[in-house]
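Below: one structure, written as structure tokens.
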Amino acid sequence: MKAIIINITLLFSLFTLQSQIKGRVADINNQPLAGANILWLNTQIGAVADADGYFTIPASNNHNTLIITYVGYVSDTVTVTNRDEFYNIVLRDNLTLGEVSIERARLSTLKSRQAIVQTEKINSEELFKAACCNLSESFETNPSVDVSYSDAATGAKQIKLLGLSGSYVQMMTENIPNLRGIASVFGLGYIPGSWMESIQISKGTASVINGYEAITGQINVEYKKPDGDQIVHLNAFGSDAGRVETNANAAININSRLTTGVFLHYSDEFIKLDQNNDNFMDMPMIRQYNFANRWKFHSNKYEFQAFVRALSERRMGGQIDGDYHIGIDTKRYEFFVKNGFLINAEKGESMGLIISGSIHNQDAEYGHRKYEGNQDNLYANLIYATSFGEMHKLTTGASINFDKYAELLTIHTSENFPRKELAAGTFAEYTFNYNDKFIALAGARIDENSLYGTLFTPRLHLKYNASEHFQLRASVGRGFRSPNILAENNNLLASNRILNIDSNLKMEESWNYGISFLSHIDIFNRDLTISGEYYHTQFVNQVIADMDSDPHAVHFQNLDGQSYSRNAQIEANMEVLTGLTITAAHRIMDVKTTIAGVLRQKPLTSRYKSLITATYQTPLKKWQFDFTAQFNGGGRLPDPDAENPLWEKTFKPYTVLNAQITKNFKTWSVYGGSENITNFVQANAIIDVTNPNSGNFDASLVWGPLHGRKFYVGLRWSLDKY
Amino acid sequence: MKTKLVLSVIFSVLFSFTAFSAKQTAIFNVSNMHGEHCKKIIEKNIAYEKGVKALTFDLTKNLVTITFDDAKTNTEKLQTALKKIGYDATLETSKTETKKK
């Protein structure tokens, strides 16, 4: 009896395995599209249409959405509801039609239901809400990432994720580590807003594929694709703070397989801005030229992408009348190539080879302090992916990363800091997927680092889809990072603190633990999304910048004791009325470090942050109104001099409001708005501002906005394939 | 007294204008509309057709509901506009609702 049952189940499963979905792909004139790719969405399981456009694809128990792609045509998705149905798919030609879309979802910041790693996506629609200007401004409407000025002199901005500095986040462009080391200081300004298609933020430990870095998370920027929907895009922007900016992108189809994209950016901040009349520029004047070109070649089994970029930037700040000047000249060159080979479509077997490199040159002076930094980077990653049935997927490979630093620091005397670091490693990552209900992603890598020895990096992600409306995720993983004291603390050069750097600094090492949930609740046919998360980052070793023991010095040393960051965040998002979407989020941060033997709150870090964003779109989306309110909690400053305190011990909570109105026309849109409407500015941002050559001078104690209310207008025009 | 008269004239003029224009709602079945991408394309293009007041989508049933001012456009014109961007639309139902103000 038992045997019969087993036989029946076996037969049944064989039957379902053999069942095929059949269909045909054609254009709007019913001409077959031979060679069109048909894939189950988010898998590598697929088929190719034959000469008459017909295809058969094995039915899937875990997936029901097919994505159909064909070069020069708009990709389409089809939901398979009935396996016996014959699916006639019509793809529309890129050129005959009029307009566009990049994102596929209604709400413009998405908490992905699909990703295994907790990921938030900022898509092009969300990017439009922060009109100006580059990557650093793109997080204004995102509750997870904080952006602040790193000092009151250079205009450099830094991000914080999970309450920790941006250097603990692995920055990537097109999924390749980028903007590391010296470039991390001003790097957020190197990616113009209109070049970006989307940004993905993943919190907690990351995948092992891209290396052992990523201690608090990863931020990945996708540039606009040459085979995307946009043909030409122009953007012009101006603000009353004296910034003008122009951007132009174009995508060119060379033929059905080869496309190229060109990106141009020019921006200029030409006013010596001094709103608080302290004879010290609030913002430096910044002029940037930025150019990139990318190529994409695509055939059925092979895909090739190449990207080059050159950037030149000059920052000039300091005293308006006086001899303290700040000048920072940067030149940066980057490239990457990506090769993808599809070995076996049905098995999802593929191989990828990524090579990237950069040359970064920074020549800076902060009054009498001078810094010349040069960093050459070369990176290669070979990735092989395959699957064993629908439940098991394996990704494995090897990577090398080489950094050569040459840094020269002049404070009274000159000192060289040369460094070469080579890390070579191998990794494997296994995905277990039980009917999309329970997914486990377990990965590990072993690297040999020329300076720090052998590094073992295990990481684990779990995801449980309790129902379509409720998901749980958990993650744990280790991370490493080599400290780059001078590069990452360039902002301290805009102070006359004495720099004491211990010679025995170790590699930074940490464990990150996270849990999160995502739930969708149906309220009168509207979707209320509620998510909550808790992340704990525990440092095993960290390089501590002790600014407390001596108000006139900073001491870089190895952690001796505890150091952690604990973050709890809750977020709700809903379209409350037709066209009106509201997001509210609140985050509590507890970031503590042992400084001079005492476990203390990390300075210049807010204890909480709340964010409310509201967006209203008129029924035909011709008008859009955006409003953002940020409530930032207070915190502490590094200890001032006990006898002669020149600054406060703590800072109080403050609020920042932004608003923007956009009017859309068919091919263009015009927008205007105001940032920091309440005009809140941090007072006393530069200590002893009138004597920049004195020992008290310090522009690095920044916790709040440095720039008052700002008005801006801008124009976008784009010609899209549809 | 005079202002009351002026106001009543304005209101009656406004009323008479609204009485002339009728809002019509048409439901189209668009067979080759699949997913959000298509929705976006239709939205972006049809929103700027003359006379269109509102658009709603039912992606599972392939339906697009267009509310329009029938003094400025009609169902045939909307069908042509959809055809121009590659969508075959057949009219399911349409109803005229004279505006009451």
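Which percentage, to the nearest 5, of the DSSP beta bridges contained in the protein assembly as shown is antiparallel? Spell out each step's value before the answer.
On the way: 347 of 362 bridges.
Here the share of antiparallel DSSP bridges comes out near 95 percent.
Looking at the square roots a ≥ b ≥ c of the eigenvalues of the Cα gyration tensor of segment A:136-252, which shape do they give, rounded for a/c under 1.5, prolate if a/b is larger than b/c, or oblate? Mind showing how you got there, number by number?
Numbers: a/c = 2.12, a/b = 1.22, b/c = 1.74.
Verdict is oblate for segment A:136-252.
Averaged over its residues, how many other protein chain Cβ atoms are within 10 Å of peptide A:74-81's Cβ atoms?
Numbers: counts 4, 2, 6, 5, 2, 4, 0, 1.
What the average comes to for A:74-81 is 3.
Taking the Cβ of residue A:632 as the centre, find all other residues whose Cβ is under 9 Å away and add up their charges (Lys, Arg: +1; Asp, Glu: -1). Walk me through the intermediate numbers first.
Numbers: positive: A:609; negative: A:146.
Value of the local net charge: 0.
Among A:300, A:664, A:150, which residue has its Cα furthest toward the positive end of the charge dipole of chain A, with +1 on Lys/Arg Cβ and -1 on Asp/Glu Cβ?
A:300
Give the residue from B:96, A:422, A:400 lying farthest towards the positive end of the charge dipole for the protein assembly as shown; charges sit on Cβ (+1 for Lys and Arg, -1 for Asp and Glu) and the dipole is referred to the Cα centre.
Going by the charge dipole, the pick is B:96.
Take the alpha carbon gyration tensor of segment A:219-720, find the square roots of its eigenvalues, order them as a ≥ b ≥ c, and report rounded if a/c is under 1.5; if not, report prolate when a/b exceeds b/c, else oblate.
Values: a/c = 1.35, a/b = 1.20, b/c = 1.12.
Rounded, since a/c falls under 1.5.
By how many degrees, between 0 and 90 and to the nearest 10, does the Cα long axis of helix A:2-18 differ from the longest principal axis of chain A?
The angle comes out at about 80 degrees.
Assign one of three labels to segment A:260-377, namely rounded, prolate or oblate, based on the Cα gyration tensor with a ≥ b ≥ c the square roots of its eigenvalues; rounded applies when a/c is under 1.5, prolate when it is not and a/b is larger than b/c, and oblate otherwise. Provide the component values of the computation, followed by the final result.
Working: a/c = 4.20, a/b = 2.87, b/c = 1.46.
Prolate shape, in that a/c is at least 1.5 and a/b is the bigger ratio.
Each label point is 7 Å from the Cα along the Cα-to-Cβ direction; what then is the distance between the points at residue A:572 and residue A:498, in nm?
My value for the distance between the label points is 5.5 nm.
Given charges of +1 on the Cβ of Lys and Arg and -1 on the Cβ of Asp and Glu, with all other atoms neutral, how large is the dipole of segment A:672-722 about its Cα centre, in debye to the nearest 20?
Values: 4 positive and 4 negative charges, 67 e Å.
The dipole of segment A:672-722 has a size of about 320 debye.
Find the relative contact order for segment A:523-637 and round it to a whole percent, using C-alpha pairs within less than 8 Å whose residues are 6+ positions apart. Don't jump to the answer; show the numbers that get you there.
Numbers: 247 pairs, mean separation 24.4, N = 115.
It comes to 21 percent, rounded to a whole number.
Arranged by the count of other C-beta atoms within 10 angstrom, fewest first, what order do A:171, A:285 take?
A:285, A:171
Among B:74, A:43, A:345, which residue has its Cα furthest toward the positive end of the charge dipole of the protein assembly as shown, with +1 on Lys/Arg Cβ and -1 on Asp/Glu Cβ?
Of B:74, A:43, A:345, it is B:74.
Could you give the dipole magnitude of segment B:22-98 about its Cα centre, charging the beta-carbon of Lys and Arg +1 and that of Asp and Glu -1, in debye to the nearest 20? Don't jump to the answer; show the numbers that get you there.
Working: 12 positive and 10 negative charges, 41 e Å.
Dipole magnitude for segment B:22-98 comes out near 200 debye.
Starting with the fewest neighbours, write out A:467, A:202, A:312, A:399 ranked by other beta-carbon atoms found within 10 Å of each beta-carbon.
On the way: A:467 9, A:202 26, A:312 15, A:399 23.
Arranged by neighbour count, lowest to highest, A:467, A:202, A:312, A:399 become A:467, A:312, A:399, A:202.
May I ask for the distance between the Cα centers of segment A:487-510 and segment A:409-459, given as a whole number of Å?
Using only Cα atoms to place each centre, the spacing works out to 22 Å.
Would you work out the charge dipole size for the protein assembly as shown about its Cα centre, treating the Cβ of every Lys and Arg as +1 and the Cβ of every Asp and Glu as -1, and quote it to the nearest 20 debye?
2560 debye
None of the figures in this text is laboratory data; all of them are computed from the coordinates on show. Everything numeric here is computed off the predicted structure, so don't read it as measured data. Every residue, glycine as well, gets a Cβ built from its backbone with ideal geometry; the counts of neighbours run over all protein chains shown.
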